[in-house]
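Peer 1: There's a structure below that I have some questions on.
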Amino acid sequence: DKFEGRITSSGDQYDKSDFTVAHRTLPFNSILLVTNTLNHKSVVVRVNDRGPFNKRRVVDLSRAAAMKVGMIPFGVVPVKVKLLHLLDQLSLTDSILTVGSIWNCFASKDSLNGNSILIWKTKNWEHAFYMASNLQLENNQLNLVVKVKSENNTKVFEIIITRLHEKKESEKLLSHLRKEGFINASILP
């Protein structure tokens, strides 16, 4: 938390509620899957800083990412790190992701329906789709979508759970998501 608001090596402002990571050598904006080998929980993160400077550690996770993999009570846990690059090999670009469009994890157009929860948002479309896919695999019964919005003339990609039937179900899920590191998650009006 002491780094909150400081500028990272990539020029981003550190945000403990974002899903980012420091890595010594990988290019900025690389997307990684980090898995806690003790409990097998995983998180999709974007490289935006350099480190860790302790040679025995592989990565430094943001607070939200650390919560997602269940390492907060321990501080340091053994992890497996995998570079995600499938989307780099496709001809897909963010130019087809128009503002207002909604996509499921399988790159098909979708829509919001019923009660919905905004889980998290990012300016990096690849990070959004990798994160949504990872969450869909972890929670097969949920309906996850990525909605493209515009904030200050910049595209923002929101990950949303939709098609929730009851408000109580939404509130229970929201509480669970916040404990899992999505501390800014909120029920959409």
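The values are calculated or read from the model by the stated rules, or taken from the named source; none is laboratory data. Since this is a predicted model, take the numbers as computed values, not measurements. A quick note on method: Cβ atoms are made from the backbone with ideal geometry, for glycine too, and the neighbour counts reach across all protein chains shown. For accessibility, only protein heavy atoms count, side chains too; no ligands or nucleic acids. Shrake-Rupley method; radii C 1.70, N 1.55, O 1.52, S 1.80 Å.
Peer 1: Restricting to region 17-61, what percent of DSSP beta bridges are antiparallel, rounded to 5?
Peer 2: Values: 7 of 10 bridges.
In region 17-61, approximately 70 percent of DSSP beta bridges are antiparallel ones.
Peer 1: Figure the gain on full extension for E166 and K109 (residue separation times 0.36 nm, minus the Cα-Cα span) and round it to one decimal in nm. All intermediate terms of the calculation are to be shown ahead of the outcome.
Peer 2: Values: separation 57, 0.36 × 57 = 20.52 nm, distance 2.42 nm.
Contour length minus the Cα-Cα distance gives 18.1 nm.
Peer 1: If packing is taken as the mean number of other Cβ atoms within 10 Å per residue, what is the order of 62-73, 23-34, highest first?
Peer 2: Highest mean packing first, the order is 62-73, 23-34.
Peer 1: In the chain, how does Rg compare with the Kirkwood Rh, expressed as the Rg/Rh ratio over alpha carbon atoms?
Peer 2: Looking at the chain, the ratio lands at 0.95.
Peer 1: Using packing as a proxy for protection, rank 107-115, 47-55 so that the peptide with the highest average count of other Cβ atoms within 10 Å comes first.
Peer 2: 47-55, 107-115
Peer 1: Which value in deg cm²/dmol, rounded to the nearest 500, describes the helix-derived mean residue ellipticity at 222 nm for the chain, given -39,500 (n - 2.57) per DSSP H run of n ≥ 4 and division by the residue count?
Peer 2: The helix-only estimate for the chain comes to -5500 deg cm²/dmol at 222 nm.
Peer 1: Tell me, in nm to one decimal, what length is gained between L26 and D88 on full extension, where the rule is 0.36 nm per residue of separation less the Cα-Cα distance?
Peer 2: 20.8 nm
Peer 1: Another question, if that's okay. How far, in degrees from 0 to 90, does helix 167-179 lean away from the longest principal axis of the Cα atoms of the chain, to the nearest 10?
Peer 2: Compared with the principal axis, the helix lies near 10 degrees.
Peer 1: OK, next. State in Å² the accessible area per residue of the chain; use a 1.4 Å probe, count heavy atoms of protein chains only, and round to the nearest integer.
Peer 2: 56 Å²
Peer 1: Something else about it: Would you mind pulling out the separation of the Cα centroids of region 126-151 and region 60-115, in Å?
Peer 2: The distance from the Cα centre of region 126-151 to that of region 60-115 comes to 6 Å.
Peer 1: Between K123 and E138, with labels modelled 7 Å along Cα→Cβ, what's the label distance in nm to one decimal, could you check?
Peer 2: Label-label distance for K123 and E138, simple model: 2.5 nm.
Peer 1: Here's another thing I want to ask about it. Arrange the peptides 35-46, 117-128 so that the one whose residues have, on average, the most other Cβ atoms within 10 Å appears first.
Peer 2: 117-128, 35-46
Peer 1: Among Q136, Q89, Q13, which one shows the biggest mean-square fluctuation in a GNM of the chain, springs joining Cα atoms closer than 10 Å?
Peer 2: Between Q136, Q89, Q13, it is Q89 that shows the largest mean-square fluctuation.
Peer 1: Could you calculate the FRET efficiency of I187 with S10 from 1/(1 + (r/R0)^6), where r is the beta carbon distance between them and R0 is 35 Å, rounded to 0.05?
Peer 2: 0.65
Peer 1: Relative to the first principal axis of the alpha-carbon coordinates of the chain, what is the inclination of helix 125-138, with its axis defined by its Cα atoms, in degrees from 0 to 90 and to the nearest 10?
Peer 2: Compared with the principal axis, the helix lies near 80 degrees.
Peer 1: Test of understanding: extend the Cα→C-beta vector of K2 to 7 Å, then name every residue of region 58-73 with backbone N under 17 Å from that spot.
Peer 2: In region 58-73, the label zone of K2 (backbone N under 17 Å from the point 7 Å along Cα→Cβ) covers 60-63.
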